[in-house]
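In what follows, a single structure is set out as structure tokens and then discussed.
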Ligand SMILES: Nc1ncnc2c1ncn2[C@@H]1O[C@H](COP(=O)(O)OP(=O)(O)OP(=O)(O)O)[C@@H](O)[C@H]1O
């Protein structure tokens, strides 16, 4: 499998007014084209820091991030990010359609193609009927679907998601998880999904990278050998799901106690 995203020797130390904090000690991993990889780790383990470095929003202290073989030094054209705080990531004065269209205008996509891409993306997330609404007229789950539509309309090769469903209710969350799996399969996009939620990571991912506590290293790269066809009932009640969940849970407990890889 060709590599989509390569992270090598990544370190990040924050320095503010004479004090320094080592957030990431050393991270090395790569993600194959079309893979769906989840990252879990204890609170404060540097998950957001890592995503910000990968997306070119934050300079690493050392190491390189490569997207399709090219070093990332600024937000790359082939990458889209969905953040947790959808409320703040959508522009309230723009309609749903205009929000989804904005990055395409910035990318100088011609008008006719923009219309097509926006229509397809809104249809994919089930929001065609809300195109003319404003974000504040929608529920939290719908707003997050707008953020997902905006990301996929952009046709990224890599989609980064930073705890995108942390603020929605459990039922909506399950629906959005299935939406991500469905879009991932349909579009063949590479997905890196950060979450606090162990069940969510095991349910969604083909691999789960478990991070140590700060300063961060990878504690284990867990292969999720569940069948590719997943659904909320069958998959979550499968004995193998329970085993994988228990394994990741134990790793997180170890991480919290400060355990490092041998
Ligand atoms: N701009 C910053 N300046 C200084 N320290 C920072 C900065 N941003 C994050 N940190 C510190 O870096 C460490 C990692 O933070 P980060 O937000 O990446 O962790 P996280 O794993 O995403 O946390 P959570 O799971 O709680 O969202 C934390 O100790 C945090 O306080």
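A short reminder: the numbers here are calculations on the coordinates, not readings from a lab. Since we're looking at a predicted model, the values are computed, not measured. A quick note on method: Cβ atoms are made from the backbone with ideal geometry, for glycine too, and the neighbour counts reach across all protein chains shown.
Of note:
- Where the Cα pairs of the chain fall when distances are cut into 10 Å bins, in %: 7, 29, 35, 22, 6, 0
- Between helix 111-124 and the chain: long-axis angle, C-alpha atoms, 0 to 90°, nearest 10: 60
- Percent of beta bridges antiparallel (DSSP, segment 138-240, rounded to nearest 5): 50
- Neighbour counts of other Cβ atoms within 10 Å put 237, 89 in the fewest-to-most order 237, 89.
- Residue-averaged 222 nm ellipticity for the chain, from DSSP H runs of 4+ at -39500 (n - 2.57), nearest 500: -11000 deg cm²/dmol
- Overall size of segment 90-155 from C-alpha positions, given as principal axis extents largest first: 30, 23, 17 Å.
- Both radii come from the Cα set of segment 151-259: Rg as radius of gyration, Rh as Kirkwood radius; their ratio Rg/Rh reads 0.96.
- Structure remark: mean-square fluctuation, Gaussian network model of the chain, C-alpha springs under 10 Å; the largest value among 138, 192, 21 belongs to 21.
- Structural size metrics of segment 13-69, computed from C-alpha coordinates, are Rg and Dmax of 12.7, 42 Å.
- Of all the options 201, 153, 174, the one that moves most in a Gaussian network model of the chain with Cα springs shorter than 10 angstrom is 174.
- Ascending count of other beta-carbon atoms within 10 Å, so fewest first, for 203, 154, 14: 14, 154, 203
- Antiparallel %, DSSP beta bridges [both residues in the chain], to 5: 55
- Cα gyration tensor, segment 204-253 - rounded (a/c under 1.5), prolate or oblate: prolate
- The alpha carbon gyration tensor of segment 60-214 gives principal lengths a ≥ b ≥ c with a/c of 1.5 or higher and a/b no greater than b/c, which makes the shape oblate.
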